[in-house]
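Heads up, the thing below is written out as structure tokens.
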């Protein structure tokens, strides 16, 4: 399976998926930690994929999203960028309805 196919499968399996540095239990950068904290406050299940362990996957993600930095956030199969984008969406009241819809509550 190619890195791109693996990414597509991971995105399909998880309503909220963060590609970052480190794991949910042990983030290895401040931005990944910030993103984990962002989603923890909403209480929905999410996964974190450690891209430090797989440079091929990291490169494929950058090409697929045209977004060079980590973390990269996918919600319900759609790429949303990182917490800079999500913070702006949250300020407009857009995050909670998006998550409710992703989990069939909307």
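The values are calculated or read from the model by the stated rules, or taken from the named source; none is laboratory data. Please read all numbers here as calculations on a predicted model, not as lab measurements. Here Cβ is always computed from backbone atoms with ideal geometry, including for glycine, and neighbour counts include all displayed protein chains.
Residue 93 falls short on exactly one of the conditions (1) under 14 Å from the mean Cα position of the chain (by Cα); (2) at pLDDT 95 or above; (3) outside any strand (DSSP E or B); (4) surrounded by fewer than 20 Cβ atoms within 10 Å (Cβ to Cβ), and that condition is (1).
Of everything in the range 6-17 that is over 12 Å from residue 45 (Cβ atoms) and touching a residue at least 12 places away in the same chain (Cβ under 8 Å), the residue that is surrounded by the most Cβ atoms within 10 Å (Cβ to Cβ) is 7.
Test residue 77 against the criterion of being within 23 Å of residue 8 (Cβ to Cβ) and surrounded by fewer than 18 Cβ atoms within 10 Å (Cβ to Cβ), and give yes or no. If you could, list the steps in order and put the result at the bottom.
Values: within 23 Å of residue 8 (Cβ to Cβ): yes; surrounded by fewer than 18 Cβ atoms within 10 Å (Cβ to Cβ): yes.
So residue 77 passes the test.
One residue alone among 99, 70 is part of a helix (DSSP H, G or I), surrounded by 13 or more Cβ atoms within 10 Å (Cβ to Cβ) and in contact with a strand residue (DSSP E or B) (Cβ under 8 Å, 6 or more places away or on another chain), and that residue is 99. For the range 67-90, filtered to residues that are without any contact (Cβ under 8 Å) to a residue 12 or more places away in the chain and farther than 16 Å from residue 38 by Cβ, the residue that is nearest to the chain's Cα centre (by Cα) is 78.
Scanning the range 35-52 for residues that are free of Cβ contacts under 8 Å to residues at least 24 places away in the same chain and either assigned to a strand (DSSP E or B) or surrounded by 11 or more Cβ atoms within 10 Å (Cβ to Cβ) (or both) yields 36, 37, 39, 40. Restricting the range 53-67 to residues that are in a helix (DSSP H, G or I) and in contact with a helix residue (DSSP H, G or I) (Cβ under 9 Å, 6 or more places away or on another chain) leaves a set whose member that is surrounded by the fewest Cβ atoms within 10 Å (Cβ to Cβ) is 63.
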